[in-house]
Amino acid sequence: MENKTYHIVTYGCQMNVHESEKLAGIMRELGYESAEREEDAGVIVFNTCCIRENAEDRAKGNIGALKKLKQKNKDLIIAVGGCMTQQAGAAERLKRTFPFVDIVFGTHNLDNFRELFIRKLQTKKSVIAVEEREGAIAEGTPKFRTSYPNAWVNIMYGCNNFRTYCIVPYVRGRERSRRAEDIVKECEELVAQGYKEITLLGQNVNSYGGDITFAELLRKIAAIEGKFRLRFMTNHPKDFSEEVAYAVRDCDKICRCIHLPVQSGSDRILKLMNRRYTRAAYLEKLEFLRKIVPDCAVTSDIMVGFPSETEEDFLDTCELVEAARFHGAFTFVYSPRRGTKAAAMPDRVPEEVAKERIMRLIELQNGISRKIAENYVGKTAEVLCDGYDADKKMHFGRDEFGKTISFAGDCAAGEFVAVKIENAGGVSLTGKAEKRGG
Ligand code: 5AD
């Protein structure tokens with residue numbers, strides 16, 4: 001009997017997570033159900049990422065491991081798509097290394113996955129579809145959402161920024177924005193369906209180029225009736241405006257939590273990265289944001305080991321981290337990406353030096369995060385419940401500021417719960433539910 005089930009493996013960012021929801025939507029429209037385990041699925045789709053080498057290595061390792069499954073089950077269909085396959089020449093290299101892969105598709109072909117899949121079924125031949133250029137925005141792609149109570153909403157695609165380290169512009173094309181009307185309509189439907197959190201997605205939401213500004217878009221969505229939270233990511237410091245900060249201040253639904261990647265605290269490195277701001281300009285953005293929204297949580301992305309980074313440059317980053325008081329930060333060791341400018345830059349930082357720096361940076365940030373977390377103890381946070389732990393004893397969720405909170409109590413995913421914070425010692429804050437509501 002035909003096995004009409006699919007299993008999707010996702011690597012990388014929230015953008016990819018949401019794109020996997022689109023792939024799942026397409027598969028379900030074709031009459032397929034999801035299979036929890038790879039071994040049980042009739043179709044396995046890899047949605048890959050290439051932002052750093054380790055994301056690619058993990059995907060390749062897992063694709064390679066499927067050879068055995070394919071030998072056992074000749075009818076199994078394996079598709080590989082996303083950022084990794086969109087790189088120049090990558091689809092051919094992938095097909096050479098893993099000839100058993102049936103469909104290879106690029107980021108620009110994702111919305112056409114239905115056609116590619118049908119072509120594979122009909123011709124029984126492998127399908128390679130990697131469009132070099134982005135097409136028009138596809139509005140009608142079905143979505144099978146899996147992140148309730150949160151719903152992801154794309155507002156724009158692609159990136160024009162060409163940071164010297166970053167592969168994104170090469171694999172996601174130029175910036176193009178959805179029409180505000182389409183975005184607002186999608187958000188209205190999501191709220192009506194009961195979603196309690198909407199997260200707007202774009203590589204640089206601050207350069208949203210639709211018919212209204214990003215701040216106006218935020219205000220329009222926040223005006224939708226009903227109780228829900230509005231988040232957005234990711235922000236670029238060079239484009240982050242006071243107008244957006246005022247929208248955060250004025251609209252209760254917009255979370256006071258901004259992700260503002262800084263990458264480095266050294267002006268020399270920021271310049272080599274082509275970030276187009278200085279350390280002082282970044283700190284000024286933080287200052288006006290905190291003046292307008294005093295309790296706003298700010299999180300960041302920070303990279304160490306960029307070509308030619310010296311101990312002094314690194315110490316500049318540490319100093320910036322001390323000054324910025326981020327609620328949290330994602331830290332990365334620089335990873336050279338084929339075709340980017342930085343990959344050709346001299347003076348690579350030895351791996352052990354970069355590793356040692358990232359450890360120091362993590363320790364520094366952890367200390368700051370811990371101090372901020374300690375301030376929560378004894379206070380009551382409004383938590384949107386995401387679900388519960390495996391043993392169903394503790395629930396978990398996040399507050400408006402993005403803090404993860406575990407708590408004892410009785411509630412369901414999608415409920416807003418007042419939680420009294422009792423402990424800030426572990427990975428997340430822990431507390432007890434006081435009352436349910438919303
Ligand atoms: N090496 C390491 N980290 C990178 N990032 C982007 N490109 C690279 C790279 N080549 C990090 C940046 C970005 C985050 C999503 O990933 O910090 O903000």
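The figures follow:
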item: Vicinal HN-Hα couplings computed from phi for segment 164-175 (Karplus, 6.51 cos²θ - 1.76 cosθ + 1.60; Hz; Gly/Pro x); result: 5, 9, 9, 8, 3, x, 6, 10, 10, x, 6, 4
item: Chain lengthening between residue 4 and residue 144 when straightened (0.36 nm per residue, less Cα-Cα); result: 48.8 nm
item: From phi via Karplus (6.51, -1.76, 1.60), per-residue ³J(HN,Hα) for segment 91-98 in Hz, x at Gly/Pro; result: 4, 5, 4, 5, 5, 5, 6, 10
item: Positive dipole terminus of segment 150-374, leading residue within 292, 263, 212 (C-beta point charges); result: 212
item: Of all accessible heavy-atom area on segment 109-234, the percent that carbon and sulfur account for (1.4 Å); result: 49 percent
item: Anisotropy class of the chain from Cα gyration tensor, a/c 1.5 cut; result: oblate
item: Loop-resident sites, segment 164-244, for GluC sites (Glu not before Pro), counting at most 13 other Cβ within 10 Å (DSSP); result: 225
item: Cα gyration tensor shape for segment 5-129, rounded if a/c is under 1.5, else prolate or oblate; result: rounded
item: Surface/4 of the Cα convex hull for segment 380-436, nm²; result: 3.4 nm²
item: Selected from 121, 270, 283 as most flexible by GNM, with the chain as the system and alpha-carbon contacts under 10 Å; result: 121
item: Filter on 70/95; 74/95; 22/125 - keep pairs with C-alpha separation over 21 Å; result: 22/125
item: Sparsely packed chymotrypsin sites (Phe, Trp or Tyr not before Pro) within segment 143-230, loop by DSSP, other Cβ within 10 Å at most 14; result: 162
item: Of all accessible heavy-atom area on segment 248-331, the percent that carbon and sulfur account for (1.4 Å); result: 51 percent
item: Accessible area per residue, Å², the chain with all protein chains present, probe 1.4 Å; result: 46 Å²
item: Inter-centroid distance (Cα atoms) of segment 2-52 relative to segment 303-366, Å; result: 33 Å
item: Selected from 232, 332, 98 as most flexible by GNM, with the chain as the system and alpha-carbon contacts under 10 Å; result: 98
item: Proximal aspartates and glutamates relative to residue 393, as straight alpha-carbon distance under 20 Å, when same-chain residues fewer than 8 apart are discounted; result: 382, 410, 415, 422, 434
item: Long-range HN-HN contacts of residue 259 with modeled amide H, under 5 Å; result: 235, 299
item: Residue 253 - accessible surface, heavy atoms, 1.4 Å probe, Å² rounded to 10; result: 50 Å²
item: Whole-Hz couplings from phi, Karplus 6.51/-1.76/1.60, listed for segment 123-135; x for Gly and Pro; result: 8, 6, 9, 5, 10, 10, 9, 10, 5, 6, 10, 5, x
item: Residue 111 accessible area, 1.4 Å probe, all protein chains in place, Å² to nearest 10; result: 60 Å²
item: Net dipole in debye of segment 1-82 [+1 Lys, Arg Cβ; -1 Asp, Glu Cβ; about Cα centre; nearest 20]; result: 300 debye
item: Where only C-alpha atoms are counted, convex hull volume of segment 305-438 per residue in Å³; result: 149 Å³
item: Fraction of accessible area attributable to carbon and sulfur, segment 380-436 (%, probe 1.4 Å); result: 49 percent
item: Long-range HN-HN contacts of residue 199 with modeled amide H, under 5 Å; result: 151, 152, 153, 231
item: Per-q log10 I(q)/I(0), segment 150-374, q = 0.09, 0.12, 0.17 Å⁻¹ (Debye; single scatterer per alpha-carbon; no solvent); result: -0.39, -0.69, -1.24
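The values are calculated or read from the model by the stated rules, or taken from the named source; none is laboratory data. From a predicted model like this one, the values you see are computed outputs, not experimental measurements. No Cβ is skipped: glycine too gets one built from the backbone with ideal geometry, and neighbour counts run over all protein chains shown. Surface accessibility is based on the protein's heavy atoms, side chains included, excluding ligands, DNA and RNA. Shrake-Rupley method; radii C 1.70, N 1.55, O 1.52, S 1.80 Å.
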